[in-house]
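Visitor: Please read through the structure below; I'll follow up with questions.
None of the figures in this text is laboratory data; all of them are computed from the coordinates on show. This one's a predicted model, so the numbers in the text were calculated from it and none came from an experiment. Here the Cβ is made from the backbone with ideal geometry for all residues, glycine too, and neighbour counts use every protein chain on show.
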Amino acid sequence: MRYLFALAFCFSVQCSFLSAAERPGFRVEKNVAQYKGSDYANVVHVERRISLEKAFEIAESNPEIDYFVYMKGGQMVLEIPPGVAFDYANDPFGLVDQIPFIYDSGKRGAGYCRVFRYGDTVFFKKEGMWLGSAPGLADAYFKE
């Protein structure tokens, strides 16, 4: 009996998570995030470690926000590629750190990066949108 209860609980949690990803007035594009080569000049607001529900509330309450990217799992390190102009002093939302990192190829690197973890949410205006692949890590939600 207790296994049945545990199974029912897990199913209800999964169903509530799935329904939370859908919200009237929003369209979701799964497995994408703002591209690492973007200058992030279109950022409106940043929140760390919040729920998806809270992200929806923030987006609905701010008319400047056109879409947001929500980290749904793991950690995403977006290195600022060589050749992309970046001024560390011009990072009003504190998204950039200078850290060592490992490329997907396994090669080590160091430099300026934007690091995002589960629950981190970046809210954007549409102008300057540049999405890239983020399989299993992030989804973008657009106001309709």
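Visitor: Sequence gap at least 6, Cα distance under 8 Å: using those rules, report the relative contact order of segment 26-143 to the nearest whole percent.
Guide: 52 percent
Visitor: With a/c under 1.5 counting as rounded, go ahead and sort segment 89-144 into rounded, prolate or oblate using the C-alpha gyration tensor (a ≥ b ≥ c being the square roots of the eigenvalues; past the cut-off, prolate if a/b is larger than b/c, else oblate).
Guide: Note, shape of segment 89-144 comes out oblate.
Visitor: To make sure I understand the rule: partners must be lysines, Cα under 16 Å from the Cα of K125, and not fewer than 8 residues away in the same chain. Which ones qualify?
Guide: K143
Visitor: Using the alpha-carbon atoms, what tilt in degrees (0 to 90, nearest 10) does helix 52-61 show relative to the longest principal axis of the chain?
Guide: Result, in degrees: 70.
Visitor: Would you please state the base-10 log of I(q)/I(0) at q = 0.17, 0.24, 0.30, 0.31 1/Å for segment 20-75, with intensities from the Debye formula using one equal scatterer on every alpha carbon?
Guide: With one equal scatterer per Cα and no solvent, log10 I(q)/I(0) is -0.60, -1.24, -1.66, -1.67.
Visitor: Related question: On C-alpha positions alone, give me the angle between the axis of helix 2-20 and the longest principal axis of the chain, in degrees, nearest 10.
Guide: Roughly 50 degrees, rounded to the nearest 10.
Visitor: Another one. Excluding residues fewer than 8 places away in the same chain, name every one of the lysines whose C-alpha is closer than 19 Å to that of K107.
Guide: K36
Visitor: Anyone know which of Y112, Y35, Y88 comes out most mobile in the 10 Å Cα GNM of the chain?
Guide: Highest fluctuation of the listed residues: Y88.
Visitor: Given the DSSP H assignment, sum -39500 (n - 2.57) over each helix run of at least 4 residues in the chain and divide by its residue total; what's the result at 222 nm in deg cm²/dmol, nearest 500?
Guide: Taken over the chain, the calculation gives -6500 deg cm²/dmol.
Visitor: Same structure again: Starting at 0 and stepping by 10 Å, how many percent of the alpha carbon pairs of the chain end up in each bin?
Guide: Values per bin, smallest distances first: 11, 39, 30, 14, 5, 1, 0.
Visitor: I want to verify a result. In a Gaussian network model of the chain, Cα cutoff 10 Å, which of these has the top mean-square fluctuation: A89, A33, A55?
Guide: Highest fluctuation of the listed residues: A89.
Visitor: Can I ask one more? Measure out, as a whole number of angstrom, how far apart the alpha-carbon centroids of segment 53-108 and segment 115-144 sit.
Guide: A separation of 8 Å, based on Cα centres.
Visitor: Rounded to the nearest 0.05, what FRET efficiency do E144 and Q75 have when you use their Cβ-Cβ distance and R0 = 30 Å?
Guide: That pair, E144 with Q75, gives E of 0.50.
Visitor: Out of G94, G132, G106, any idea which swings most in a Gaussian network model of the chain, alpha carbons joined below 10 Å?
Guide: Residue with maximal mean-square fluctuation among G94, G132, G106: G106.
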